[in-house]
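Novice: Here it is: the structure, laid out below.
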Amino acid sequence: MKILVATEKPFAAAAVDGIKDIAADKGHNVAVLERYTDKSQLLEAVADADALIVRSDKVTAEVIGAAKKLKIVVRAGAGYDNLDLAACSARGIVAMNTPGQNSNAVAELAIAMIIYMSRNRFTPGTGCEISGKRIGIQAYGNVGRLVARKAQALGMSVMAFDPFVAEEKMKEDNVCPAPSLEKMYEACDFISLHIPATPETIGSIGYDLLSKMPKGGCLLNTARKEVINEPELIKALEERSDLKYVTDIAATCQAELDEKFGKRVFATPKKMGAETAEANINAGLAAAYQIAEFFETGCTRFQLNK
Ligand code: 3PG
């Protein structure tokens, strides 16, 4: 079988080598399309692929249409809003992700962002310490849990809101379950977003929540830009000169944010939450193993389009 690794943002070399070794061991071939700049390159490369490994690369109905032999696509990562699951299902293509494999890298970036913003983005001036501050985790999944543990180790107290996680689970981790999302925003100096982009969450973080944050409040986004209501973010930042926003996924209106709010906002130049060798190796190799097992035994663990 031919496995195509199509990554506009490439994996670390060791991850690609590992994918090739796993594939070769099972008699599969690997083709690599990295740093492609045009959709047409992906459409051409995928034409004869039996399996596809991607990161945030968009696997649209057009890509599925061009992939005449495709049987499985694996998003090496957690969020799968880049996969057109309906198009996959319509063709009987199995779609999977590799949950948890890059979570630690994202959680470490969230902690780095907290310190960076607390210390005036490493420019002169009096900052503040994070020990003793309160952080609210919005969605207590793989990444949220790791952020909570790391924040606790740095002396922060942690609250979490997740309607899909039992309160007992949070309490076991010494995390305070938030009585409501609003109450969490009201109580926390930092809010860290770990929600996926879904029809329910898109545009859901806006003025009403942000304006509840205490003085000096900072919103961290290592999730997806789509969950932010950008006009309302601007309104909240305009009204409150103490609020801050730091994101790993530049807003559509990032230039305006930078111009209007200067040091109170920061966006990484390119999404880098999962940009560690370890995360690439964990997620890339997991994707390769999942594909190899699918071809060998038909295993569909982690299938998204059931
Ligand atoms: C994920 O959903 O796994 C992260 O956002 C990482 O995305 P990336 O593979 O594009 O870095």
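Novice: At a 10 angstrom cut-off on C-beta neighbours, averaged per residue, how do the peptides 146-152, 35-41 rank from highest to lowest?
Specialist: Values: 146-152: 20.6, 35-41: 11.3.
So the peptides 146-152, 35-41, ranked by packing, come out 146-152, 35-41.
Novice: Distance in nm between label sites at E129 and N82, each 7 Å beyond Cα in the beta-carbon direction?
Specialist: 4.0
Novice: Cα convex hull of region 103-267: mean projected area in nm², to one decimal? Walk me through the numbers on the way to the answer.
Specialist: Values: hull surface 34.9 nm².
Spelled out: convex hull of the Cα atoms, projected over all directions, averaged, 8.7 nm².
Novice: Let me ask something else. Using the Cα centre of the chain as the reference point, and only Cβ charges (+1 on K/R, -1 on D/E), how large is the resulting charge dipole? Debye, rounded to the nearest 20.
Specialist: Numbers: 37 positive and 39 negative charges, 46 e Å.
Roughly 220 debye for the chain.
Novice: Can you tell me the FRET efficiency between K183 and K69 if r is taken as the Cβ-Cβ distance and R0 is 41 Å, rounded to the nearest 0.05? Spell out each step's value before the answer.
Specialist: On the way: r = 52 Å, r/R0 = 1.27.
In this case the efficiency is close to 0.20.
Novice: If you don't mind, there's one more thing I want to ask. Can you give the extra length, in nm with one decimal, that the chain gains between C299 and K263 once fully stretched, where that is 0.36 nm per residue apart less the Cα-Cα distance? Intermediate results must be reported in sequence, preceding the final value.
Specialist: Details: separation 36, 0.36 × 36 = 12.96 nm, distance 4.91 nm.
My answer for the length gained is 8.1 nm.
Novice: Taking 0.36 nm per residue of separation and subtracting the Cα-Cα distance, what length does fully extending E256 through K270 add?
Specialist: Numbers: separation 14, 0.36 × 14 = 5.04 nm, distance 1.73 nm.
Working it through step by step, the gained length comes to 3.3 nm.
Novice: I would also like to ask the following. With +1 assigned to the C-beta of every Lys and Arg and -1 to the C-beta of every Asp and Glu, and no other charges, what is the dipole magnitude of region 103-267 about the Cα centre in debye, to the nearest 20?
Specialist: Values: 20 positive and 22 negative charges, 105 e Å.
With Lys and Arg at +1 and Asp and Glu at -1, about 500 debye.
Novice: While we're on this one: On a full-extension model of 0.36 nm per residue, what is the gain between E168 and T60, subtracting their alpha-carbon distance, rounded to one decimal in nm?
Specialist: On the way: separation 108, 0.36 × 108 = 38.88 nm, distance 3.93 nm.
The E168-T60 span can extend by a further 34.9 nm.
Novice: In the chain, what percent of the accessible surface is made up of carbon and sulfur (1.4 Å probe, ligands and nucleic acids excluded)? Before the final figure, lay out each step's value.
Specialist: Working: 7270 of 13820 Å².
Of all accessible area on the chain, carbon and sulfur atoms account for 53 percent.
Novice: Please report the relative contact order for the chain, taking Cα pairs under 8 Å with a sequence separation of at least 6, and give it as a percent rounded to a whole number. Walk me through the numbers before you get to the answer.
Specialist: Values: 608 pairs, mean separation 58.9, N = 306.
Reported as a whole number, the value is 19 percent.
Novice: So which of K9/K263; K58/K225; K225/K270 end up more than 20 Å apart, counting from Cα to Cα? Before the final figure, lay out each step's value.
Specialist: Working: K9/K263 27 Å; K58/K225 15 Å; K225/K270 12 Å.
Among K9/K263; K58/K225; K225/K270, the Cα-Cα distance tops 20 Å for K9/K263.
Novice: Follow-up question, since we're still on this one. Quick query: amide H of A160 versus all other amide H atoms, modeled in the peptide plane; which residues come in under 5 Å with a sequence gap of 5 or more or a different chain?
Specialist: I137, C176, A178
Novice: In whole Hz, with x marking every Gly and Pro, tabulate ³J(HN,Hα) for region 193-203 from phi via Karplus 6.51 cos²θ - 1.76 cosθ + 1.60, θ = phi - 60°.
Specialist: My calculation for region 193-203 gives 8, 9, 8, x, 8, 10, x, 6, 9, 4, x Hz in order.
Novice: If one takes the longest principal axis of the Cα atoms in the chain, at what angle in degrees, from 0 to 90 and to the nearest 10, does the Cα axis of helix 230-239 lie?
Specialist: 20
Novice: Further, regarding this structure: Packing-wise, with mean Cβ within 10 Å as the measure, how do 232-244, 122-134, 294-306, 93-105 rank, highest first? Could you put the intermediate results ahead of the total?
Specialist: Details: 232-244: 16.8, 122-134: 11.7, 294-306: 14.2, 93-105: 21.8.
The densest-packed peptide leads the list: 93-105, 232-244, 294-306, 122-134.
Novice: Quick check on region 103-267: of the DSSP beta bridges with both residues there, what percent are antiparallel, nearest 5%?
Specialist: Working: 0 of 23 bridges.
So the antiparallel bridges in region 103-267 amount to around 0 percent.
Novice: Could you tell me which residue out of A112, V46, G92 lies farthest along the dipole of the chain toward its positive end? Charges go on the beta carbon: Lys and Arg +1, Asp and Glu -1, centred on the Cα centre.
Specialist: Checked the options; the winner is A112.
Novice: So, one more: PRE reach from D17 (point 7 Å along Cα→Cβ): which of region 269-293 fall under 20 Å by backbone N?
Specialist: What the label zone holds, given the 20 Å backbone N cut-off, is 275-289.
Novice: Picking from V265, I202, C299, whose Cα lies most toward the positive end of the charge dipole for region 200-306 (charges on Cβ: Lys, Arg +1; Asp, Glu -1)?
Specialist: V265
Novice: Can I ask one more? Taking the Cα atoms of the chain alone, what are Rg (to one decimal) and Dmax (as a whole number) in Å?
Specialist: Every Cα atom of the chain included, Rg and Dmax give 20.4, 61 Å.
Novice: Sort 216-227, 278-289 by packing, meaning the average of other beta carbons within 10 Å per residue, with the highest value first. Working shown, then result.
Specialist: Details: 216-227: 22.5, 278-289: 24.1.
Result, highest mean Cβ count within 10 Å first: 278-289, 216-227.
Novice: Keeping all protein chains in place, calculate the accessible area per residue for region 77-141 (probe 1.4 angstrom), answer in Å².
Specialist: Details: 2680 Å² over 65 residues.
With the other protein chains kept in place, region 77-141 gives 41 Å² per residue.
Novice: Spelling out what I want: for every residue of region 3-13, take phi, set θ = phi - 60°, compute 6.51 cos²θ - 1.76 cosθ + 1.60 (Karplus), and round to whole Hz; glycine and proline get x.
Specialist: 9, 9, 9, 10, 10, 4, 9, x, 6, 4, 4
The values are calculated or read from the model by the stated rules, or taken from the named source; none is laboratory data. All of these numbers come straight from a predicted model, not from anything done at the bench. Cβ sites come from the backbone with ideal geometry, for glycine too, and all protein chains shown count toward neighbours. Ligands, DNA and RNA are excluded from the accessible area calculation, which covers all protein heavy atoms including side chains. Shrake-Rupley method; radii C 1.70, N 1.55, O 1.52, S 1.80 Å.
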